[in-house]
Amino acid sequence: MLAAVGAQSASELFASIPAEYRLQRPLNLPGPLSEAEIIAWFRARAAENSVGYTSFLGAGVYSHLRSVVTDAILQRGEFLTSYTPYQAEISQGTLQAIFEFQTLMCELTGQEVANASMWDGSTATTEAVLMAERLTRRHRVVVARTLHPEYRQVLTTYARNLGLAIEEIGYIETGQLDAKALAAAVNDETAAVVVQSPNFFGTIERIPALAEIARAKQALLIVTVTEGVSLGAVRPPAEADIVAMETQSFGMAPSYGGPYAGVIAAREKYVRQMPGRLAGQTTDSAGRRGFVLTLATREQHIRREKATSNICTNQALCALAATVHLCLLGKEGLRELAAQNLAKAHFAAAELGKIPGVRIPFSGPFFNEFVVELPRSVRIVNDALLREKIIGPLPLGPWYPEQTKRGLVCVTETIPRAEIERFAAALDRALALPI
Amino acid sequence: MSDGIKKAGRHVSQNEGLIFEKSAPGKRGIELPPLDVPAIDPGSALGAEYARDAVEGFPEVSEIEVMRHFTRLSTWNYSIDLGMYPLGSCTMKYNPRVNEFVARLDGIATEHPFQPQAVSRGCLEIMRTLQDCLLEITGMDACTLEPSSGAQGELTGLLLIRAYLESKGNPRRRVLIPDSAHGTNPATAVIAGYEVENIRSDAKGQIDVEALKREVRDDVAALMITNPSTLGVFEPRIGEIAEILHARGALLYMDGANMNALAGISRPGDFGVDVMHLNLHKTFSQPHGGGGPGAGPVVVKKILEPFLPVPVLVEKDGQPVLETHRHTSIGRVRAFCGNFGVLVRALAYTLAYGPGIRQATEDAVLNANYIRRQLEDVYELPYKSASMHEVVFSDARQKKNGVTTMDIAKRLIDYGFHPYTTAFPLIVPGALMIEPTESESKEECDLFVDAMRSIAEEAATNPEIVKTAPHSTRVGRLDEVTAARKPILRWKP
């Protein structure tokens, strides 16, 4: 082949690079490793992590059951190794799966239209805010402090350079957003109100009431959902104008923070301001049903600097995982899964609440996460729990300085009763240790 | 199918409706283990105000129906596992399966980003090793693995530039972007709060250095460059370009989408780049998955290190540690620390090659030049400069018979290939952008060349068959106009 291109050696192929920029030495990189050595290397890394520990962490990332069927489908080369479905005739598998994902997201959230995925819940929330800004042409956003702290940080990073003012509203003794304070803060310059439900404390918000407050000033209500399984037992935020959801709970492993798949769902009238890809149904000239990416004039490859977003690569394979997972569960399976989560978390709250000195401070309804208050530093208690191979409550103090003795506990269907009881016993012992 | 088509033949494929159309009450795809704590009724536990009964409209199907549904759908897709994607700028190389295996290990897939760092040493070591490799490959000083995609990497990079310039007293107003740039570049600049100024390419499709000298004034924050360009050509005056910017206190951002032409051969840090992103779903073999997930790590020169997004991976007592607070940081660009599963796969890829990554780059450039040589007599080559890992033709000759790049692309489907990139970059009307990658053998390249030559022949002697292609797919060209005018974006019962 070198002869065919008229070169004597491979280095001639790079003659167009000025000599001063051509490396004269091999790169100093580990490897090359064979397949077996790669596997051994990563197994060694895995052994340095938390295998064998029982974790009570949630806070936006949830350990749920995953069927092996999901990977059997995800690992098919035609899904795994295929490109973005711009060439619709040879991408109908991907496009139909996206259409089904969009449909499932609408059913779950009570909204009319959903996109093909965003990077995650935090960027979906941020992009929902930018969408509301475009729709209302207003530049203030009122955000609940009970929205995930890292989601709020992302919004702040994006908002800083776009002239968007953010005001935060606190919470009341139920653990819910302070609706009175919200009503006082929302005005004619407010583009959107952003709340999370169940919120970061695990408490479910009163969405219809919050929607009323936003609507009174023609602001949009954005509801963020980080735990999608909650929608199997909790009323969907149908009164919201835009829903930004993290779908990680549906068939995606925690994987130390990603990849997951966010999604934006909204009222149909807002679709032209929606970011991200959309799969639409259509026909070919013979009348056969097919699917295509549509409304592309919103997107960067057509509109460039006037696009609704810069998003290109999204999280298609993760969205496929969610689609497969939800189809396996189906209507009854999701309801049962949600009921199991509810039961496990409420059992755990009752068991922990029996321990002397432990309080459950928030009185509002919760799904599978709740806050515990301890008589001493959460971090010190967690050190003791870690020695017993338990990853305990997530300390709230770093984000909520008024809650330094409180931590967030999540219990999903994956935690056996015996482990919940062991956790309670270990917590009891940890609190009895001399300070 | 004509006799000229060697790579593909007809095959019976299964029909399949929407999953909702197969639904019937009472079917379940998966059983849950029994509940071992007392059951509670959601209505009672939550109250009527908050409770939901069931999700109406959700499908009820069995496991075999789910398996068959998605398997049948998958058979309607083209994929790298089936054959070459000559998509310019996408770097559709083979996705090694060992990457999938290690990403799924217990202790890798199972880890929670908020778990104590004391029981996350393996994750942190993975991130540190990958960072070190990316810095060595690019010749830069510091790294963030947080951005979720190339576009988010671009945004992160521009926010870093803004923060740096702000620290010098003035963030400035404009970002210069060549007219050959990928659409994410201008879209991103706007989100970073900058005005976009388009820079015209010169007659060779390169940055017009004289125009650049005039355009770089004190209100320019940066130039966003892709090198090699989207034409697949290395910018010969890149050193000069960097100097012009630096002399005015502006920075050079590089879109790393074309890193497949450089790894092991040349390092952007050595030719004046201040900040760049890498697409792990391009050069670093993360599967495209039908549209993601990817990752867009950003590597920077020392001057930008103080501004890196949190969490920052730093060294403490010889151990990698995630630092969640840094008061000069631009903040967080996404929750948690990034698309970790994608980082795992990219590291597995890099470890497989080691310094031999140079060989992959040489093969990628050789393959592209081989294809160029075999096609330059039948397709118009608008820019004659040396190609690196991709080559851009135009449809100028075929246009004479009314055959466009889109038509040729569709006809290529009948020949058993996925189309190349059509109609990009914008500076080449009727572009055919071809990037084979190093994964393709001479045999596959020859089949592609044969197909393209045959289609050129058809365009001259039988243009109708090209203009109405594809002929052998399950659906023909779809009505995109109606799809946009009357969008149907979900199934309705």
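Quick rundown of the values:
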quantity	calculated
Unique match (being of a type in the set (D, E, K, R) and more than 7 Å from chain A (Cβ to nearest Cβ)) among B:ARG72, B:ARG121	B:ARG72
Qualifying position, being in contact with a helix residue (DSSP H, G or I) (Cβ under 8 Å, 6 or more places away or on another chain) and hydroxyl-bearing (Ser, Thr, Tyr), among B:THR421, B:THR350	B:THR350
Residue list for the stretch A:28-59, restricted to those being surrounded by fewer than 20 Cβ atoms within 10 Å (Cβ to Cβ) and either touching a Lys or Arg at 6+ places or on another chain (Cβ under 7 Å) or farther than 30 Å from B:GLU125 by Cα (or both)	A:GLU48, A:GLY52, A:TYR53
Odd one out for A:GLY6 among (1) out of contact with any Leu (no Cβ under 7 Å at 6 or more places or on another chain); (2) within 26 Å of B:LEU351 (Cβ to Cβ); (3) small (Gly, Ala, Ser); (4) assigned to a loop (DSSP other than H, G, I, E, B)	(2)
Those helices (runs of 4 or more DSSP H) lying entirely in the stretch B:119-202 with at least 1 residues among the hydroxyl-bearing types (Ser, Thr, Tyr), in the same structural domain as B:VAL321 (by TED's automatic domain parsing) and within 30 Å of A:ASP383 (Cα to Cα)	B:121-138
Residue within the stretch A:136-144 that is in a helix (DSSP H, G or I) and either more than 9 Å from chain B (Cβ to nearest Cβ) or hydroxyl-bearing (Ser, Thr, Tyr) (or both) present	yes
B:VAL275 vs. criteria away from chain A (no Cβ under 13 Å), in contact (Cβ under 8 Å) with a residue 40 or more places away in the chain and buried (at least 24 other Cβ atoms within 10 Å of the Cβ)	yes
Single residue of the stretch A:392-435 satisfying the filter (hydroxyl-bearing (Ser, Thr, Tyr) and within 12 Å of chain B (Cβ to nearest Cβ)) that is farthest from A:ILE360 (Cα to Cα)	A:THR414
Hey, B:LEU223 modelled with pLDDT of 95 or more, more than 21 Å from B:LEU262 (Cβ to Cβ) and not in a loop (DSSP other than H, G, I, E, B) or not	no
Close pairs from the stretch A:363-383: first of a type in the set (S, T, N, Q), partner surrounded by fewer than 23 Cβ atoms within 10 Å (Cβ to Cβ), Cβ under 6 Å, at least 6 apart	A:SER363/A:THR174; A:ASN368/A:THR412
Sole residue being more than 7 Å from every other protein chain (Cβ to nearest Cβ) and either farther than 30 Å from A:LEU231 by Cα or crowded, with 17+ Cβ neighbours inside 10 Å (or both), chosen from B:GLU60, B:GLU31, B:GLU21, B:GLU65	B:GLU65
Scan of the stretch B:176-198 for residues that are over 17 Å from A:TYR158 (Cα atoms), surrounded by 22 or more Cβ atoms within 10 Å (Cβ to Cβ) and touching a Ser or Thr at 6+ places or on another chain (Cβ under 9 Å), ordered by number	B:PRO178, B:SER180, B:ALA181, B:HIS182
Qualifying positions in the stretch B:411-467 - more than 14 Å from every other protein chain (Cβ to nearest Cβ), surrounded by fewer than 24 Cβ atoms within 10 Å (Cβ to Cβ) and not in a helix (DSSP H, G or I)	B:PRO429, B:GLY430, B:ASN462
Residue check, A:LEU23 buried (at least 18 other Cβ atoms within 10 Å of the Cβ) and within 7 Å of chain B (Cβ to nearest Cβ)	no
A:ALA253 vs. criteria under 30 Å from B:VAL342 (Cα atoms), at the interface with another protein chain (Cβ under 7 Å from one of its Cβ atoms) and out of contact with any Cys (no Cβ under 6 Å at 6 or more places or on another chain)	yes
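For every residue, the table says whether it meets (1) more than 7 Å from chain A (Cβ to nearest Cβ); (2) closer than 28 Å to B:GLY272 by Cα; (3) in contact with a Cys (Cβ under 8 Å, 6 or more places away or on another chain); (4) at pLDDT 95 or above.
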site: B:PRO311; (1), (2), (3), (4): yes, yes, yes, yes
site: B:LEU322; (1), (2), (3), (4): yes, no, yes, yes
site: B:SER329; (1), (2), (3), (4): yes, yes, no, yes
site: B:ASN339; (1), (2), (3), (4): no, no, no, yes
site: B:ALA348; (1), (2), (3), (4): no, no, no, yes
site: B:THR361; (1), (2), (3), (4): yes, yes, no, yes
site: B:ARG372; (1), (2), (3), (4): yes, no, no, yes
site: B:VAL378; (1), (2), (3), (4): yes, no, no, yes
site: B:VAL392; (1), (2), (3), (4): yes, yes, no, yes
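Here is a yes/no grid of residues against (1) small (Gly, Ala, Ser); (2) within 10 Å of chain B (Cβ to nearest Cβ); (3) within 30 Å of B:ARG52 (Cβ to Cβ); (4) free of Cβ contacts under 8 Å to residues at least 24 places away in the same chain:
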residue: A:PRO85; (1), (2), (3), (4): no, yes, no, no
residue: A:PHE99; (1), (2), (3), (4): no, yes, yes, no
residue: A:LEU147; (1), (2), (3), (4): no, no, yes, no
residue: A:ASN161; (1), (2), (3), (4): no, yes, no, yes
residue: A:GLU167; (1), (2), (3), (4): no, no, no, no
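The values are calculated or read from the model by the stated rules, or taken from the named source; none is laboratory data. The model shown is predicted, which means the values in this text are computed figures rather than measured ones. Note that we place each Cβ from the backbone using ideal geometry, even for glycine, and neighbour counts take in every protein chain shown.
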